[in-house]
Amino acid sequence: MFSLVRENIRIAFDSIRGQLLRTILTVLIIAIGITALVGILSAVSALETTISSDFSSMGANTFNIQRYEFTARRQAGERQKVNPIISYQNIRDFEDQYNFPFTKTSVSFTGTSIAEVKFENEKTDPEVKVVGANENFIQNSGLKVDQGREFNALEVDNNSNVCIIGSDLVKALFKEDNPINKTISIRGFKFKVIGALESKGSTFGNNQDLRVIMPLQKARSIFTNANINYALSVMVEKKELLAQAQDDAIVTFRNIRGLNPVEDNNFGMERSDDLINRIGAITGVLSTAAWIISIITILGSSIALMNIMLVSVSERTREIGVRKALGAKQGTIAFQFFIETIIIGQLGGILGMILGILIGVIFASAVDFQFSMPWSAMIWASVITFIVAIISGSYPASKASKLDPIESLRYE
């Protein structure tokens, strides 16, 4: 039995080589459909992995109070509502009035995104982000200190000249040296490095490792821009209290804003898992589009594969007659053509998977996403090509096996 299977596989490869041009075209048609499926799903997977990783770093039990809702969009012919900034007085009032149990509130603002940082004879390009924050910012943002420590409430209140730096700054300024207790300079002010963050990578070209975090009050004394917009983030230690904590925060902030009961919120409220769910909905639509495109293409490839096998049966009618005259059974003839169809289908599937993964890698590299191998897409691609081969090969194999040996020998 094994020798018969091996012989049929050998004959199938000989036939494929004999019809090389048609086989290549058929393989390419199959590969296009699989490439569309694997390529788009690879890109979607990279997008979802990167964005979910970034947003989940906020923590599943965290919500933000911000100037606008994440989903705020300007409608055609409609003037966008302009919300007031979240001012320093707002955040001070919130810290004083919001006393929900098991919560930690972090306050932060971006002083600049074009700072130049110096250490002795080394300096960076003017592209460093400087953030002023309180003692809860690191934990609420899902950041981790790789070396050293976080700053404490006393250092925040006393305007201490300490800072925590990103991993890229460590590489740029200190090379292989330990940055802890070294002194860096920002806008002429000296800061002692007390901590270095773990690497976070970059998203949409925004390098999250090229930043300096300093105590809030110290940052306010350096960056005195008018109308600074502050960010509030609240972490709830007990997940079951998250909804209540969020409702209480909304009521508190509405009171701070002086809103009456009939007025809409003039601020935004976002939870990290809400953002992840929205991203999931978007990527779900893209995945559906990938399936639709690939199914249409694969349907065409199924027809093409069936056609090439029917042509092959017609061209090899005499060969079939000879084999039957020598004692070959119907099952043996059908199995030969069936194996040939499966081989062509799998060649197209393998080529499509390789091209699809390459597209995913190129896309992830171009937009600086985290590439993840689309295993589910590859498994589905293998299953689909096998099903296509079965469907496309069944009729030609059945037709070949039922040919009359006498009529086949007479065929010219």
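The values are calculated or read from the model by the stated rules, or taken from the named source; none is laboratory data. The shown structure was predicted, so the numbers you read here are calculated from the model rather than taken from an experiment. Heads up, the Cβs are rebuilt from the backbone with ideal geometry, glycines too, and the neighbour counts pull from every protein chain shown.
This table checks each residue for (1) assigned to a helix (DSSP H, G or I); (2) over 17 Å from Ile295 (Cα atoms); (3) of a type in the set (A, V, I, L, M, F, W, C); (4) touching a residue at least 60 places away in the same chain (Cβ under 8 Å).
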{"position": "Leu347", "(1), (2), (3), (4)": "yes, yes, yes, yes"}
{"position": "Ala366", "(1), (2), (3), (4)": "yes, yes, yes, no"}
{"position": "Gln370", "(1), (2), (3), (4)": "no, yes, no, yes"}
{"position": "Ala377", "(1), (2), (3), (4)": "yes, no, yes, yes"}
{"position": "Phe386", "(1), (2), (3), (4)": "yes, no, yes, no"}
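Which one is nearest to the chain's Cα centre (by Cα) among residues in segment 340-392 that are surrounded by 21 or more Cβ atoms within 10 Å (Cβ to Cβ) and farther than 20 Å from Ser287 by Cα?
Gly348
Let's see how each residue does on (1) under 25 Å from the mean Cα position of the chain (by Cα); (2) closer than 17 Å to Ile114 by Cα:
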residue	(1), (2)
Val131	no, yes
Lys144	yes, no
Ser160	no, no
Gly166	yes, yes
Pro179	no, no
Ala196	no, no
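If a residue must be closer than 24 Å to Thr224 by Cα and in a loop (DSSP other than H, G, I, E, B), how many such residues does segment 142-168 contain?
7
Note down all Cβ pairs under 6 Å where the first residue falls in segment 2-28 and is over 12 Å from Ile308 (Cβ atoms), the second is assigned to a helix (DSSP H, G or I) and at pLDDT 70 or above, and they're at least six residues apart or on different chains.
Here the result reads Asn8/Phe335; Asn8/Gln336; Asn8/Ile339; Ile9/Ile339; Ile11/Gln336; Ala12/Ile339; Ala12/Glu340; Ala12/Ile343, each pair linking segment 2-28 to a residue that is assigned to a helix (DSSP H, G or I) and at pLDDT 70 or above.
Which residue pairs have Cβ atoms closer than 9 Å, lie 6 or more positions apart in sequence or on different chains, and pair a first residue in segment 88-100 that is in the same structural domain as Asn227 (by TED's automatic domain parsing) and touching a residue at least 24 places away in the same chain (Cβ under 8 Å) with a second residue that is part of a helix (DSSP H, G or I) and acidic (Asp, Glu)?
Every condition considered, the pairs that remain are Tyr98/Asp248; Phe100/Asp248.
Provide a single number: the residues in segment 230-249 that are exposed (fewer than 15 other Cβ atoms within 10 Å of the Cβ) and either at pLDDT 90 or above or not assigned by TED's automatic domain parsing to the domain that holds Gly188 (or both).
Here the count works out to 2.
Hey, does segment 91-113 have a residue that's touching a helix residue (DSSP H, G or I) at 6+ places or on another chain (Cβ under 8 Å), of a type in the set (Asp, Glu), surrounded by 13 or more Cβ atoms within 10 Å (Cβ to Cβ) and not in a loop (DSSP other than H, G, I, E, B)?
yes
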